[in-house]
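Worksheet: one structure, shown below.
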Amino acid sequence: ERVRVMELEEKPAITFADIGGLKNEIIEVREAVEYPLTRPESFEKFGVVPPKGVLLYGPPGTGKTLIAKAVANNAGVPFLRMAGSELVHKYIGEGAQLVRDLFEMARDLAEKNNGVVVFIDEIDAVGSMRTNDGTSGSAEVQRTLMQLLAEMDGFNNRGNIRIMAATNRPDMLDAALLRPGRFDRLIKIPAPDNAARMQIFKVHMKKMEAAGSLSGIDYDELVRMTEGLTGAEIEAICREAGMLAIRNNEDLITGMNFVQAIRKVKHQDKDEERRDI
Ligand code: ATP
């Protein structure tokens, strides 16, 4: 069960070349997370204290997890992930214990590997504003949050445990999480604009291109047709276009396959919205 809540990638395989767009965001994350690990002496020399925790916020499927993994890869340290959503609905005391386990494991990994990137996904699940309507902020969730705050207060900004978190709902977060010495650097990861969607298509079509299996692709048209879609959806479109070509026994993946794939992924989105209602 704990394995599901925590995920360890000793050597994450994601690199910055796997990320389309987000150039400035990547620079900011590297400065806050990677350089304190790879050149701590620069921070010492200039008397700069790196942030304690970095919060990535923005819509789902836009590359927050990718950036965190790529930074860990670049720094040559393991990537330890915990999903906030899996900490709730636990028995009393279990959420707090899992947070303790997470940081114990982080300390152990950091010692053995000269650092670690800890990534707490969907932190809003444990760190939402205290409410009295019973919908969130139950006593158990509060205990889990308190443990997380205590753990963050318990180590040094200059240490080699770099803490990152992600949320789609920054507005919901408890202010205690955002105080100096906790998640004190906020970086927005936006939905991709035209140029970024073009680059994301290129990332996910790289293998098709290398295999010489593409024909008649109008990238500008793909970008136009995917206004408002995320990186995760563009990845799904590329996979679907390939599947269509395979299913129809075609020689090459064509622009038409992509157009059909875009329609399909867009309709799936609509179906999901309908289910939500
Ligand atoms: P969530 O909030 O749902 O956890 P996230 O922002 O962490 O989302 P990721 O897990 O990083 O999203 O992205 C999901 C998948 O979508 C990635 O594995 C990747 O294939 C694709 N993807 C998302 N953004 C990008 C991007 N900027 N460039 C390339 N691929 C992307």
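The values are calculated or read from the model by the stated rules, or taken from the named source; none is laboratory data. Note that this is a predicted model, so its numbers are computed, not measured. Backbone-built Cβ (ideal geometry, glycine too); neighbour counts: all protein chains shown. Keep in mind that these areas ignore ligands, DNA and RNA; they rest on the heavy atoms of the full protein, side chains included. Shrake-Rupley method; radii C 1.70, N 1.55, O 1.52, S 1.80 Å.
Observations on the structure shown:
- Calculated FRET efficiency, His267 to Ile27, Cβ-Cβ distance, R0 = 35 Å: about 0.45 to the nearest 0.05.
- Evaluated at q = 0.10, 0.15 Å⁻¹, the base-10 log of the normalised Debye intensity for the chain, with identical point scatterers placed on the Cα atoms, takes the values -0.60, -1.12.
- Proportion of all alpha-carbon pairs of region 131-261 beyond 24 Å (%): 53 percent
- Prolate/oblate/rounded call for region 58-132, Cα gyration tensor, a/c under 1.5 rounded: oblate
- Scoring 164-175, 239-250 by mean Cβ neighbours within 10 Å over their residues and listing the highest first yields 164-175, 239-250.
- Summed over the residues of the chain and divided among them, the accessible surface reaches 51 Å² per residue at a probe radius of 1.4 Å.
- Under 14 Å from the Ala176 label point (7 Å along Cα→beta-carbon), backbone N, region 136-168: 137-154
- Expressed in units of 2.2 N^0.38 Å, where N is the residue count, the Cα radius of gyration of region 1-114 is 1.16.
- Applying a threshold of 25 Å to the alpha-carbon distances of Lys206/Lys270; Lys207/Lys270; Lys69/Lys188; Lys45/Lys69; Lys23/Lys207 flags Lys206/Lys270; Lys207/Lys270; Lys45/Lys69 as lying beyond it.
- Interchain or long-range residues, amide H under 5 Å from Ile253's placed H: Leu214, Ser215
- Rounded if a/c under 1.5, otherwise prolate or oblate - region 158-224, Cα gyration tensor axes: prolate
- The HN-Hα couplings worked out from phi for region 166-177 by the Karplus form 6.51 cos²θ - 1.76 cosθ + 1.60 (θ = phi - 60°) are 9, 8, 8, 10, x, 5, 8, 6, 4, 4, 4, 6 Hz, whole numbers, x standing for Gly and Pro.
- Most simply put, the chain has about 20% antiparallel DSSP beta bridges, counting only bridges with both residues inside it.
- Take the Cα of Arg247, step 7 Å toward its Cβ, do the same at Ile92, and the gap between the two points is 5.2 nm.
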